[in-house]
Structures are given as C-alpha cells and as structure tokens.
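Values quoted throughout were computed directly from the atomic coordinates according to the rules given, and no laboratory measurement underlies them. No experiment lies behind these values; they were computed from the predicted model shown. Cβ atoms come from the backbone with ideal geometry, glycine included; neighbour counts cover every protein chain shown.
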Amino acid sequence: MTPQSWAYAETYVEEDEFVAAARIRAAEVGVTPIGSGGGSVLTLLASVTGAQSVVEIGTGTGVSGLWLLRGMQPDGVLTSVDTEAEHQRLARETFTEAGIPSQRYRLISGSALDVLPRLTDGHYDLIFVDAAKEEYVGYLAEAARLLRPGGVVAFDNALWHGRVADPAQRDAQTTTLRELGRTIREDESFVSALLPVGDGLLVAQKSR
C-alpha cells in the first residue's frame, strides 16, 4: 500500500468537531489516542456486534469512547477504565459536549488488572484495549472471561510503530505485543485478524 492510499483510507470516515476537540485535549496531556481509521473500525465493530455492554481499557480523553458509543445500541453502556483521573475528567467533558447522556458511560479510575476481575463473566459484547502494552497478555486473559460467545476484543498499537514486524526489535513492549499476536493466533477459542489501520488493530472474536 502506498503512503497516499494509506492516508486516504485513514481519513475515509471523517472525524467530527467533538472527536477533534478530544484530540486537542489528548495532545495537551500527552495522550496518543487511536487514529481515525482505527476509530471507524471500532464504530463498525460495536455496530455489527449489536454492542450493549462495552469495556474500554484506557479512557484517554474520550476519543475512542466516542467512536465506540456511536456504534453501540442507543441504550448501551460503555465501562471505561484508566489510571489517570484527570484524563477521565477530560473524557467526561468530551462526552458532555458531544451530548452523550451520563447514564451511557461509567468511568472507573484504577489499574485495569485490579478492576477487570470485578466485572461480570460473559457479560460484554466488545472490549477495546489501548493501555499499558506490557499488560496486554493479561488483558487478553480477562477479555476471554468477560466476553460473551461471539464477543470481540480489539487491541490498538498491535504493530507498534513498525517494531513488531522487525525481529531485531526486542524491547519489552514489542516482545509482549508479539507474544499477544501468537497467543491469539494459536488459541482455537478465537478467530482473529491483524488490521493494518493506524498503528495496527488486532481483532479477535470469541468462538460461539
């Protein structure tokens, strides 16, 4: 794919003013949210799964949350977990500006590996992960428990700035992302695909 074609695909679905404002907030606090290409895939995944209950690991300033909410059922609820309370305050501003009712989301401040075990088994339609890369394998184990049959999990940064595809790169984050890819690919309880959107989106559906 040429850089021109990649850029065209990334901007195929245009972002609105609310996502743009959330991106400005993200830049101000040093957060790198999912790109527009990956965001549009999140909306699609939420829509095709008929998502009523979604978990987001890594709230940021609400960029990915908006993409998810727009594909979910009208009364669906997004549960978003982040260690940074300030980021979640900004995400709440984003959702309020976008006209998202407060009953459609709950923001939980804390470590995801502490919070996720308290959520209900087999209850969730979609899980999106964009948080500490070294914990991605742990998030996968929690997702396998939390997802209903046919539910979907998506991991952002699965290509990690080109490092995952380069065997010479062996830092902890890159190694964990490679391990995640192998684990999902070899697990017969998932059907998976690695999508070359943004920085890579690894998507897997739990077997029905």
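Given a Förster radius of 30 Å and the C-beta distance between residue 73 and residue 171 as r, what FRET efficiency does 1/(1 + (r/R0)^6) yield to the nearest 0.05? For residue 73 and residue 171, the calculated efficiency is 0.15.
How do 36, 64, 189 line up, fewest other C-beta atoms within 10 Å first?
Working: 36 22, 64 27, 189 11.
Final ranking by Cβ density, sparse to dense: 189, 36, 64.
Take the Cα radius of gyration of the chain and divide it by 2.2 N^0.38 Å, N being the number of residues; the result is 0.96.
What fraction of the DSSP beta bridges in the chain is antiparallel, stated in percent and rounded to the nearest 5? The partial results should precede the final answer.
Working: 11 of 30 bridges.
Here the share of antiparallel DSSP bridges comes out near 35 percent.
Once C-alpha pairs closer than 8 Å and six or more residues apart are averaged by separation and normalised to the residue number of segment 115-161, the relative contact order reads 50 percent. With the simple spin-label model, which puts each label point 7 Å out from Cα in the Cβ direction, the residue 109 to residue 93 separation comes to 1.5 nm. Rank 20, 51, 168 by mean-square fluctuation in a GNM of the chain with C-alpha springs under 10 angstrom and give only the top-ranked residue. So, out of 20, 51, 168, the one fluctuating most is 168. Scattering from segment 146-208 was approximated by placing one identical point on each alpha carbon and applying the Debye formula without solvent; log10 I(q)/I(0) at 0.26 1/Å stands at -1.07.
Working from Cα pairs under 8 Å separated by at least six residues, relative contact order for the chain is 18 percent. The calculated 222 nm mean residue ellipticity attributable to helices in the chain amounts to -12000 deg cm²/dmol, summing -39500 (n - 2.57) over DSSP H runs of n ≥ 4 and dividing by all residues. Compared with the alpha-carbon gap, the fully stretched path from residue 207 to residue 10 is longer by 68.0 nm at 0.36 nm per residue.
What is the order of 72, 1, fewest Cβ neighbours within 10 Å to most? Walk me through the numbers before you get to the answer.
Details: 72 23, 1 9.
Ordered by Cβ neighbours within 10 Å, fewest first: 1, 72.
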